[in-house]
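Mind having a look at this structure? Questions to follow.
The values are calculated or read from the model by the stated rules, or taken from the named source; none is laboratory data. Bear in mind the structure is a predicted one, so any value in this text is a computation, not a measurement. Positions of Cβ are backbone-derived with ideal geometry, glycine not excepted, and every protein chain shown enters the neighbour counts. Side chains are part of the model used for accessible areas, which takes the heavy atoms of the whole protein and leaves out ligands, DNA and RNA. Shrake-Rupley method; radii C 1.70, N 1.55, O 1.52, S 1.80 Å.
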Amino acid sequence: MDRRQFLVTGSTATGALVLLGPGCVSSDKTDTGSAVNEKAAMDSIFEISLAQYSLHRAYRDGVRDPMNFAAEARGEFGIGAIEYLSRDMRGREREPDYLAELKLRADGEGVRGLLIMVDGEGNLGSSDPGVRRSAVENHFKWVQAAKFLSCHSIRVNAMINAESLAYDAQMKLSADGLRQLVEFAAGLELNVIVENHGGLSSSGEWLSGLMEMVDHPRCGTLPDFGNFCIEGSAYPVDGCNVMYDYYRGVEELMPYAKAVSAKSYDFDEAGNETTLDYERLMRMVLDAGYRGYVGIEYEGSVLSEGDGIRATRDLLLAVRE
């Protein structure tokens, strides 16, 4: 699908999928139909998903079980789409029974799996061709797992700052590794999407240039509202030595977006995010023609993870209204 086009999927009460274009609603004029149509029209702007990373501390501390992610997304937070995290699969991504159980539980809750965020599988932009190829092949199992879970994409890191390489040289190497992976994923009708996730990848200019260099319809971006720290610690913000402008970065990455990550840290008494202007950011998202899911990724420490997820959800709903 062309990145300027969109396909919106929303769940009805029966779990069926509704396909909507911009401003399209059913012609049903009954009172009941009007209520359904109003919700469908609102959902066609964007829908909300939940990134598993939002619960990373609970998983680390053994308070929650990743196997229950779909049930908790639906039951606790009222969210019907999820984004898996590779590290929470605990090395079981090649076990058919494990993947089948994950999918069974998600399907049972009427929850849609969207993507797997993959980390720790090597440097797709390594200057060593053998290391680069090994990293590409390390990701194959995640493409296969994503296909099994009915996801549309895996999220990868375009490069790892293990080498001091020039801007253009790093782009060419990352494009080579990424293109190899994308060609494999395309055979399974899966996308490979890249998040701004530190180093040069947190430069909207660099990452958008990488997309142009790869030049494949199955390759795209996952703009994260908050991950624009090129050097230093992204949060707290004052720990960042070199920060790329949030708003410029999102604007540059949105033309290639196949998913969006609504990062959040903290909220004021009115429910607004204190670091990021959500209304401004979401206008950029919509102005780019994006009508897909926007994933909650709470990374703050003031609120509990559950309360942070709810606060982010409520803010997104308020902005959508």
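Round to a whole number: what % of the accessible area of the chain belongs to carbon and sulfur, probe 1.4 Å?
48
DSSP loop (so not H, G, I, E, B), at most 16 other Cβ within 10 Å: list which GluC sites (Glu not before Pro) in region 145-234 pass both filters.
Hits after loop and neighbour filter: Glu163, Glu189.
Another question, if that's okay. Check each of the GluC sites (Glu not before Pro) in region 244-286 and keep only those in coil by DSSP with at most 13 other C-beta atoms within 10 angstrom; list them in order.
Glu269
Let me ask something else. Once all Cα-Cα distances of the chain are split into 10 Å bins that start at 0, what whole-number percent is in each one?
Over the chain, the share of Cα pairs per 10 Å bin runs 6, 27, 36, 25, 6, 1, 0 percent.
What fraction of the DSSP beta bridges in region 147-281 is antiparallel, stated in percent and rounded to the nearest 5?
Roughly 30 percent of the DSSP beta bridges within region 147-281 come out antiparallel.
What is the Cα radius of gyration of region 110-254 over 2.2 N^0.38 Å, N being its residue count?
Cα Rg divided by the expected 2.2 N^0.38 Å: 1.01.
Determine by what factor the alpha-carbon radius of gyration of region 211-321 differs from 2.2 N^0.38 Å, reporting the quotient.
It is 1.08.
Sticking with this one: Positive end of the charge dipole of the chain (Lys, Arg +1 and Asp, Glu -1 on Cβ, about the Cα centre): tell me which of Gly226, Ala70, Leu50 has its Cα farthest that way.
The one lying farthest along the dipole's positive direction is Ala70.
Cα-based count: Lys pairs in the chain below 19 Å, eight or more positions apart or different chains?
4
Report the Stokes-Einstein translational diffusion coefficient (µm² s⁻¹, integer) for region 56-113, Rh taken as the Kirkwood radius over Cα pairs, at 37 °C with viscosity 0.692 mPa s.
Value of D from the Cα-based Kirkwood radius: 280 µm²/s.
Enumerate the amide H contacts of Ile296 below 5 Å, restricted to partners 5 or more residues apart or on another chain; note that Pro and chain-start residues carry no placed amide H.
Here the answer is Ser49, Leu50, Ala51, Ala262, since their amide H atoms fall under 5 Å of that of Ile296.
Let me ask something additional. Pop out the ³J(HN,Hα) list for region 256-272 in order, Karplus 6.51 cos²θ - 1.76 cosθ + 1.60 with θ = phi - 60°, rounded to Hz; leave Gly and Pro as x.
10, 6, 10, 6, 9, 10, 8, 5, 9, 10, 7, 9, 8, 5, 7, x, 8
Still on this structure, please answer the following. Given the DSSP H assignment, sum -39500 (n - 2.57) over each helix run of at least 4 residues in the chain and divide by its residue total; what's the result at 222 nm in deg cm²/dmol, nearest 500?
So the helix-based figure for the chain works out to -12000 deg cm²/dmol.
Among Gly110, Gly62, Gly204, determine the one that fluctuates most according to a GNM of the chain built with springs between C-alpha atoms less than 10 Å apart.
Most flexible of the set in this elastic network: Gly62.
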